[in-house]
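Below you'll find the structure, written out as structure tokens, and then a few comments.
The values are calculated or read from the model by the stated rules, or taken from the named source; none is laboratory data. Owing to the predicted nature of the structure, the values given are computational and were not obtained by experimental measurement. Note: ideal-geometry Cβ built from the backbone for every residue, glycine included; neighbour counts use all protein chains shown.
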Amino acid sequence: MGFEKFGIMSYTKETKVEDFVKHLEDGRIMGTRCKKCGTIIFPPRADCAKCLSSNIEWTPLSGRGKLITHTTAHFAPAGFEAPYTLALAELEEGVRVFTRICKDDEKDKLKIGMYVQLVTKRLGDERITYELKKI
């Protein structure tokens, strides 16, 4: 078992960053950091998008950030239940995260600039993902 456990629907069984799923299962939000240029990447990648180096390492992320924007989708692709709210947040480490907002957080209470926390979320069938929660 590896990366096929990530997300609502996964199309990839193996990847160089499949440990990402293990970290999520352990409740840790981890990104990758390029050892050459220092760029932090989330979700993790095996190659740096800035300098193209493959010399990366795992780095813990606080998950704390500020909401930049959000929108509610009223139509959904396979595996998603509409409506759902997507958000963009910037974490303390400087990386931007685009993901869903926790269903428990009322969309009418979301405010640009409010603090959010990136957390792990267990799905059915032993799947796992991450989402943003208000803090």
Could you grab me the full set of residues in the range 27-47 that are in a loop (DSSP other than H, G, I, E, B), over 15 Å from the mean Cα position of the chain (by Cα) and modelled with pLDDT of 95 or more? LYS35, LYS36, CYS37, GLY38, THR39
Would you confirm whether or not the range 104-115 contains a residue that is out of contact with any Lys or Arg (no Cβ under 7 Å at 6 or more places or on another chain), at pLDDT below 95 and either assigned to a strand (DSSP E or B) or surrounded by 17 or more Cβ atoms within 10 Å (Cβ to Cβ) (or both)? yes
In the range 72-103, how many are assigned to a strand (DSSP E or B), in contact with a Lys or Arg (Cβ under 9 Å, 6 or more places away or on another chain), modelled with pLDDT of 95 or more and not aliphatic (A, V, I, L, M)? 1
Tell me the residue from LYS121, LYS133 that is assigned to a strand (DSSP E or B), in contact with a Cys (Cβ under 6 Å, 6 or more places away or on another chain) and of a type in the set (Lys, Arg), please. LYS133
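Out of ALA87, ALA73, report the one residue that is of a type in the set (A, V, I, L, M) and exposed (fewer than 14 other Cβ atoms within 10 Å of the Cβ). Full working, then the answer.
Details: ALA87 fails: exposed (fewer than 14 other Cβ atoms within 10 Å of the Cβ).
The match here is ALA73.
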Counting only residues that are free of Cβ contacts under 8 Å to residues at least 40 places away in the same chain and out of contact with any Pro (no Cβ under 8 Å at 6 or more places or on another chain), how many does the range 17-42 have? 12
